[in-house]
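*Asks:* Once you've had a glance at the structure underneath, I'll fire off some questions.
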Amino acid sequence: MTTGAPTPTYPARPRRSRLRTFLPLGVAAWLVLEIWLLTVVAGASSGFTVFLLLLAGFVLGAAVIKKAGRRAFQNLNEALQRGTAPQSGGGNGLMMLGGLLLMIPGLISDAVGLLLLIPPVQKALGRLTERTVDRKLREAAPGGFGDAFQQVRIHRPDGKVVQGEVIRDETPGGDAPQDPRPPLTR
């Protein structure tokens, strides 16, 4: 039975990006592969050996994250004392990622985590990541989210920051309605 009301037409949904389409499938495949590899290694040696490998990976990952975190905090503290911006790079982010991958149970994640702890791999991955981010920021539409990041990355040569405060001019009579925000320009 129809009521005579028109059926609503919805606008076409935007296409899902490839990342949003394939990321869940990739994570599921990675988990299945990790579990399969753990069972193969447990069958070849023993379950206790696999447990010790996973425990050693967790402890090593925690130590790596702690060391990288201390180094990052020390670099930030030194930069603040000098009054300059912290040095970019240093591999702390990739060391933390490597430590996190070591802490995740699984032999494949442990192998990738150990690979990320090698300094030449860190440097190569850091350069690749920096180039990719720069390219993506240049390709971003003006006024979009990428433009905000582009503005954040602009550094003044003298490193000065101008701080300010907005002060409203009150009219003595108080009868005139006031705009809720002060004008942006005069």
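A short reminder: the numbers here are calculations on the coordinates, not readings from a lab. Being a predicted model, the structure only gives us computed values, none of them experimental. Glycine also receives a Cβ, built like all others from the backbone with ideal geometry; neighbour counts cover every protein chain displayed.
*Asks:* How big is the gap, in Å, between the Cα center of the stretch 30-64 and the Cα center of the stretch 91-132?
*Replies:* A separation of 18 Å, based on Cα centres.
*Asks:* Same structure again: Around Leu128, with a cut-off of 13 angstrom between Cβ atoms, what is the net charge of the other residues, counting Lys and Arg +1 and Asp and Glu -1?
*Replies:* It works out to a net charge of +3.
*Asks:* Add +1 for every Lys or Arg and -1 for every Asp or Glu among the other residues with Cβ under 14 Å from the Cβ of Pro24, and state the total. Provide the component values of the computation, followed by the final result.
*Replies:* Numbers: positive: Arg16, Arg18, Arg20; negative: none.
In short, +3.
*Asks:* Could you rank the peptides 19-28, 100-109, 67-76 by their average count of other C-beta atoms within 10 Å per residue, with the highest value first?
*Replies:* 100-109, 67-76, 19-28
*Asks:* Now, a different point. Quote to one decimal, in nm, the extra length available between Lys67 and Leu80 on full extension: 0.36 nm per residue of separation minus the C-alpha distance between them. Mind showing how you got there, number by number?
*Replies:* Values: separation 13, 0.36 × 13 = 4.68 nm, distance 2.00 nm.
Extra length available between Lys67 and Leu80 comes to 2.7 nm.
*Asks:* Quickly work out the Val112-to-Leu23 label distance, labels modelled 7 Å from Cα along the C-beta direction, and quote it in nm with one decimal.
*Replies:* 1.4 nm
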